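All of the numbers you see were taken from the coordinates with simple rules; none came from a lab. The model shown is predicted, which means the values in this text are computed figures rather than measured ones. Glycine also receives a Cβ, built like all others from the backbone with ideal geometry; neighbour counts cover every protein chain displayed.
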Amino acid sequence: MKEVALARIAHGRSGDKGDTVNCGIIARKPEYYSVIEEQVTAARVREHFGIFCRGTVIRYDLPKIHAFNFVLTHALGGGGTVSLRIDTQGKTYAAALMRMKVLVPDDWGV
């Protein structure tokens, strides 16, 4: 097994509404889905974002399209109209999640 960035086996898109971030993660190949399912849990995503997510993380599994949807609450410092953060939007969260490390088989060549 070797450790790689999630970006090697998945891609993602994210957005926001108020103080909630929606982060979709899609496996690059169907066989990558089970690794993401096992290792990219709601708890691990919550830990990955640390203080940037002060609420809950809920993971929705979408196996027929080899994807997951994560909903992070209280993740934008109150949202665009009240936050003191420089970037108050959730569009960068998927890119940040792509840095998470996952273990993959050595023979995957990723």
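Overview of results
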| read-out | value |
| --- | --- |
| Net +/- balance of residues flanking Lys29 in space, Cβ distance below 14 Å, scoring K and R +1, D and E -1 | -1 |
| Net charge of neighbours whose Cβ lies under 9 Å from the Cβ of Leu6, counting Lys and Arg as +1 and Asp and Glu as -1 | +3 |
| Principal axes of region 2-104: Cα extent on each, largest first, Å | 42, 27, 19 |
| Calculated from backbone phi, Karplus (6.51, -1.76, 1.60) coupling profile of region 54-70 in Hz, x at Gly/Pro | 9, x, 9, 10, 10, 9, 10, 8, 10, x, 5, 10, 6, 9, 9, 10, 10 |
| Size of electric dipole in the chain: Cβ of Lys, Arg +1 and of Asp, Glu -1, about Cα centre, debye, nearest 20 | 260 |
| Value of [θ]222 nm, deg cm²/dmol, for the chain, DSSP H segments ≥ 4, -39500 (n - 2.57) each, nearest 500 | -4500 deg cm²/dmol |
| Pairwise label distance in nanometres, Lys2 with Phe52, each label 7 Å out on the Cα-Cβ vector | 2.7 |
| Environment charge at His48 (Cβ cut-off 13 Å; Lys +1, Arg +1, Asp -1, Glu -1) | +4 |
| Ascending count of other beta-carbon atoms within 10 Å, so fewest first, for Glu47, Glu3 | Glu3, Glu47 |
